[in-house]
Amino acid sequence: MARILTGITSNNIPHLGNVLGAMLPAIELSNKAENESLYFIADFHSLISLKDAEARKNSINAVAAAWIALGFDTNKNILYRQSDVPQVTELTWYLNCFTPYPMLANATSFKDKASRLSEVNTGLFTYPVLMAADILMYDANFVPVGKDQLQHLEITRDIAERFNHQYGETLVVPEPKIEESVMIVPGTDGQKMSKSYNNFINIFLPEKELKKVVMSIITDSKGVEEPKDPDTCNVFNLYKLVANPTQTADLRAKYISGGLGYGHAKTALLDVLMDKFAKARETYNHLIANTKELDAILKQGATKAATIATPVLARVRQKLGYL
């Protein structure tokens with residue numbers, strides 16, 4: 001059985017781009033019988049930029065509830081808060097002592113802000129080491145990464161190999177699982193959907209608020225009766241990502257023949273979003289309203305994760321002379 005590990009940022013509720021481009025494919029991967037998946041909410045990492053304690057708690061709850069609502073099986077797999085398995089911070093210290101300064105200075109996460117050092121805290125600088133500990137703590141075989149994240153996994157591999165070279169085979173060296181084709185989900189303005197562009201759709205909003213967002217999608221000024229090009233329309237490009245093939249073909253035909261207003265197209269998009277994610281929205285709202293239940297699921301996941309982490313940390317301690 002292959003062990004797959006993924007870290008999930010805990011910054012706000014995942015938007016439609018996250019759901020379609022990353023979460024649903026990751027859940028499909030986790031559901032395969034031959035895989036054991038550990039998905040953790042990276043709340044230690046969030047402290048690098050997010051200092052508001054209440055905002056962090058709300059974000060953790062929102063992210064965890066979204067993953068469960070979308071179908072992540074917490075019985076077959078493991079979902080946990082990073083901070084609920086504190087062994088990772090001890091391992092981070094050990095790995096820090098095997099990580100050369102130039103390796104971290106060349107990390108993209110640091111180099112992107114190297115010209116503004118007043119904005120750089122030590123957490124940002126050593127971020128790749130904590131990430132390495134997150135992975136090596138659980139003997140992960142594979143880590144799904146986009147091409148832009150590959151460098152950090154290479155740092156993890158380098159650290160593990162350095163340790164193993166000096167102390168013998170102790171840490172499992174993980175392999176990247178490259179996500180070659182990541183779905184590009186357009187935002188309400190046609191750019192890639194992103195919180196930084198404020199063009200995202202939160203599928204877990206109350207229906208009236210979700211409708212307001214959908215109705216704000218930017219379109220051209222063609223009238224109702226005019227034929228329209230579906231492939232250049234933000235509304236249709238979102239619709240085809242969530243609708244079934246028959247629905248997509250029907251709406252495409254209406255675009256081309258004319259007689260379809262953009263308001264009608266937006267209503268069709270809202271309807272398909274409400275239908276496709278009806279069960280997920282119900283589960284999400286239940287968990288957000290019952291955070292004790294959500295907390296229990298995360299604590300149970302942390303207990304499972306700790307049973308893997310504890311012997312790994314013991315191996316490292318023994319090699320270093322702490323046992």
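The single condition among (1) in a helix (DSSP H, G or I); (2) at pLDDT below 95; (3) more than 29 Å from the chain's Cα centre (by Cα) that Ile256 does not meet is (2). Counting the residues of region 184-199 that are farther than 15 Å from Phe236 by Cβ and small (Gly, Ala, Ser) gives 2. Taken together, Ser37, Ser10 contain a single residue that is in the same structural domain as Ile297 (by TED's automatic domain parsing) and in a strand (DSSP E or B), which is Ser37. For region 224-250, the set of residues classified as touching a Pro at 6+ places or on another chain (Cβ under 8 Å) and buried (at least 22 other Cβ atoms within 10 Å of the Cβ) consists of Asn234, Phe236, Leu238, listed by residue number. Filtered by the rule that a residue be touching a Leu at 6+ places or on another chain (Cβ under 9 Å) and over 19 Å from Lys304 (Cβ atoms), region 11-52 gives Asn11, Ile13, Pro14, Leu16, Val19, Leu20, Met23, Leu24, His45, Ile48, Ser49.
Among the candidates Glu36, Glu54, the residue that is modelled with pLDDT of 90 or more, of a type in the set (D, E, K, R) and surrounded by fewer than 16 Cβ atoms within 10 Å (Cβ to Cβ) is uniquely Glu54. Across region 17-33, the qualifying residues are those that are within 28 Å of Gly190 (Cβ to Cβ) and without any contact (Cβ under 8 Å) to a residue 40 or more places away in the chain, and the one among them that is surrounded by the fewest Cβ atoms within 10 Å (Cβ to Cβ) is Glu28. Read through the list (1) under 22 Å from the mean Cα position of the chain (by Cα); (2) aliphatic (A, V, I, L, M); (3) modelled with pLDDT under 95, then give the number of the only condition that Ala280 fails. Of everything listed in (1) under 22 Å from the mean Cα position of the chain (by Cα); (2) aliphatic (A, V, I, L, M); (3) modelled with pLDDT under 95, Ala280 misses just condition (3).
The number of residues in region 307-323 being under 18 Å from Lys76 (Cβ atoms) and either surrounded by 13 or more Cβ atoms within 10 Å (Cβ to Cβ) or touching a strand residue (DSSP E or B) at 6+ places or on another chain (Cβ under 9 Å) (or both) comes to 1. Of all residues in region 74-122, those satisfying the criterion of being of a type in the set (Gly, Ala, Ser) and under 18 Å from Gln149 (Cβ atoms) are Ala107, Ser109.
Of all residues in region 76-106, which are farther than 22 Å from Ile41 by Cα, without any contact (Cβ under 8 Å) to a residue 60 or more places away in the chain and assigned to a loop (DSSP other than H, G, I, E, B)? If the condition is that a residue be farther than 22 Å from Ile41 by Cα, without any contact (Cβ under 8 Å) to a residue 60 or more places away in the chain and assigned to a loop (DSSP other than H, G, I, E, B), then Cys97, Pro100, Asn106 are the ones that fit.
Among the residues of region 258-270, are any exposed (fewer than 12 other Cβ atoms within 10 Å of the Cβ) and among the polar types (S, T, N, Q)? Within region 258-270 (the criterion being exposed (fewer than 12 other Cβ atoms within 10 Å of the Cβ) and among the polar types (S, T, N, Q)), the answer is no, since none of the residues qualifies.
The values are calculated or read from the model by the stated rules, or taken from the named source; none is laboratory data. Treat the numbers as computed from the prediction; the structure is a model and nothing was measured. For neighbour counting, all protein chains shown are included, and Cβ atoms are generated from backbone atoms with ideal geometry for every residue, glycine included.
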